[in-house]
Amino acid sequence: MEQNKYVDKLLKLTKSATSQFHTVLETKKQLEEAGFEEVALRENWDLKRGGKYFMVHHDSTIFAFTIGEEFEGEDGFRLAACHGDFPGFRIKPNPEIVTEGYVQLNTEVYGGVNLASWLDRPLSIAGRVVLRSEDVFHPEVRLVDFKRPLLTIPNIAIHLQKEMNQGVELNRQTQMIPLLGKLAEGEKKEGYFANLLAEEMGVKAEDILEYELNVYNFEEGCLTGAKEEFISAPRLDNLTSVQALATAIIDADRTKGINCAIVYDHEEIGSRSKQGAQSTLIVTILKKIYAALGYSETAFSNAIMDSLLISADVSHAIHPSYAAKNDPTNKAKLNEGFCIKEACSQGYATDSEAIAIVQQICEKEGIAYQKFVNRSDGSAGGTLGSIVSAILPVRTVDMGIPMFAMHSSREFMGREDQESLVKFMTAYFSL
């Protein structure tokens, strides 16, 4: 099967977006290439109709927006939000653990990780490093990505743990510690990792004050299946949505209203942070846009009532080996369209009016979609949709790509579903 542009963009992003900071960096590059102008939250904004803008918040959240050339205050917002972080491991301070001469890095688990899926894989390191500066209130901040396999979490041989295939619990502190290297005779462990990091960045080890560093799966994504109808790749949750939103807001041609695409951080750990969906960031920015265009807060409040939010995050496809895990009448399948996700608990923030809007867009544009609902005797996670809609009371729909192996170090999806999500988001931002 011939590879299409939607697959190309997604696979490129899964290779380069190796931390939440790199997710934002790569999104920013796409926006800048498309002519978007960067603005800063601490500055006054001079916005114009027909303008395209973006704002980066603490390096790990990005907010892009366009203003229609025929914009009027009552037009309202078309909002779409997703997250750019992913489950994995973060390196702790003073990380060196030395046992029998082997150097391991002490890590903490970030999000709901399928631990076993990280064993015996080539792993690397990426994230943000903060350096000493002359102005103590403005330290120097740099991103780093080693872009080579540095670490492994080796499994134990089945000969030494014969009950392995019966299901063995992995201890996060003792059995999931990545192996970095082996000390030479007489070599000290102190500063082992700091020196490696300093050498990679071309700085002095003593100038490294702090860091936020991911351990990430170094393997690249690829097409698989007899007809190359599937994608296997790290970080599909939730780079599928990041790329869909970025492509859509760049390609859309709506002349009325304001389109907004947000990539949040910290969704995998609950969204409760200054960069997360539980912050007041979205309200602050939308109000600032309206004020910069000369409208009152009352006009903003009125416009919100005719606005819509899409919460874009991956969904669960029915697995052929675990079919009983899914709802008996709502079974999402790979390559049959993106999923509209529903839950009366509001774990997915959907309502019938908002879903009807999505369905009509799909019918108008000939876009495939499916519906996903959890089994009544279980749950399958939540999203930032219900969080944002509690802060900003707009009609909201949760949707996303159906997939297998969610939260594994390598995930699995249908290639056609990315196209359906991108086409929907583009139509949503255009109609």
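How would you classify the range 217-287 from its alpha-carbon gyration tensor, with a ≥ b ≥ c the square roots of the eigenvalues: rounded for a/c under 1.5, else prolate if a/b is greater than b/c, otherwise oblate?
It is oblate, given that a/c is not under 1.5 and a/b is not larger than b/c.
About the Cα centre of the chain, how large is the charge dipole given +1 on each Lys and Arg Cβ and -1 on each Asp and Glu Cβ? Please answer in debye to the nearest 20.
Charge dipole, the chain, about its Cα centre: 480 debye, nearest 20.
For the range 88-217, what is the charge dipole size about the Cα centre, in debye to the nearest 20, if Lys and Arg each add +1 at the Cβ and Asp and Glu each add -1 at the Cβ?
Numbers: 14 positive and 19 negative charges, 85 e Å.
Once rounded to the nearest 20, the dipole reads 400 debye.
Among 260-269, 90-99, how do they line up from the highest to the lowest mean number of other beta-carbon atoms within 10 Å? Intermediate values should be presented prior to the final figure.
Numbers: 260-269: 25.5, 90-99: 14.6.
Top to bottom by mean Cβ count within 10 Å: 260-269, 90-99.
Set the bar at 19 Å for Cα to Cα. Now go through Lys15/Lys147; Lys92/Lys189; Lys15/Lys204; Lys48/Lys287; Lys48/Lys274; Lys15/Lys325 and name every pair that lies beyond it.
Working: Lys15/Lys147 10 Å; Lys92/Lys189 15 Å; Lys15/Lys204 28 Å; Lys48/Lys287 15 Å; Lys48/Lys274 28 Å; Lys15/Lys325 31 Å.
Over 19 Å apart, Cα to Cα: Lys15/Lys204; Lys48/Lys274; Lys15/Lys325.
When Lys and Arg each count +1 and Asp and Glu each count -1, what net charge do the other residues less than 9 Å away from Pro87, Cβ to Cβ, add up to?
Around Pro87, the surrounding residues sum to -3.
What translational diffusion coefficient, to the nearest whole µm²/s, does the chain have by Stokes-Einstein, given a Kirkwood radius computed over alpha-carbon pairs, a temperature of 37 °C and 0.692 mPa s viscosity? Don't skip to the answer; put the middle values down first.
Values: Rh = 22.8 Å.
Using the Kirkwood radius from Cα pairs, D works out to 144 µm²/s.
Can you return the aspartates and glutamates within cross-link range of Lys188? Criterion is Cα-Cα under 19 Å, with same-chain partners fewer than 8 residues away left out.
Leaving aside aspartates and glutamates fewer than 8 places away in the same chain, those within reach of Lys188 are Glu96, Glu100, Glu199, Glu206.
Among Ile340, Asn302, Ser321, whose Cα sits farthest toward the positive end of the charge dipole of the range 300-353 (+1 at Cβ of Lys/Arg, -1 at Cβ of Asp/Glu, about the Cα centre)?
Highest projection toward the positive end goes to Ser321.
Antiparallel versus total DSSP beta bridges in the chain: what percent is that, nearest 5?
Beta bridges within the chain, antiparallel portion: roughly 70 percent.
Which aspartates and glutamates does Lys29 reach when only Cα atoms under 13 Å apart count, and residues fewer than 8 places away in its own chain are ignored?
List returned: Glu37, Glu38.
For the charge dipole of the range 88-217, defined by +1 on Lys and Arg C-beta atoms and -1 on Asp and Glu C-beta atoms about the Cα centroid, which residue among Gln104, Phe193, Pro122 has the Cα displaced farthest towards the positive pole?
Of the candidates, Pro122 comes out farthest on the positive side.
Report the gain in length on full extension from Val98 to Glu38: 0.36 nm times residue separation, minus Cα-Cα distance, nm rounded to one decimal.
17.1 nm
Determine, for each peptide in 292-299, 8-15, 211-218, the mean count of other beta carbons within 10 angstrom over its residues, then list the peptides with the highest first.
211-218, 8-15, 292-299
Which parts of the range 161-200 would a label at Leu119 reach, counting a residue when its backbone N lies under 17 Å from a point 7 Å out along Cα-to-Cβ?
161-179
Tell me which lysines have Cα within less than 21 Å of Lys364's Cα, excluding those fewer than 8 residues away on the same chain?
Lys256, Lys341, Lys423
Which FRET efficiency, nearest 0.05, do Asp377 and Glu70 yield, Cβ-Cβ r, R0 30 Å?
Taking R0 as 30 Å, the efficiency between Asp377 and Glu70 is 0.05.
Which residue, Val113, His159, Leu180, has the largest displacement toward the positive end of the dipole of the range 88-217 when charges sit on each Cβ (Lys, Arg +1; Asp, Glu -1)?
Most positive-ward Cα: His159.
Please give me the summed charge of the neighbours of Glu43: other residues whose Cβ is under 13 Å from its Cβ, Lys and Arg +1, Asp and Glu -1.
Once all neighbours under 13 Å are counted, the net charge is -1.
None of the figures in this text is laboratory data; all of them are computed from the coordinates on show. All figures in this text were calculated on a predicted structure; none of them were measured in a lab. Positions of Cβ are backbone-derived with ideal geometry, glycine not excepted, and every protein chain shown enters the neighbour counts.
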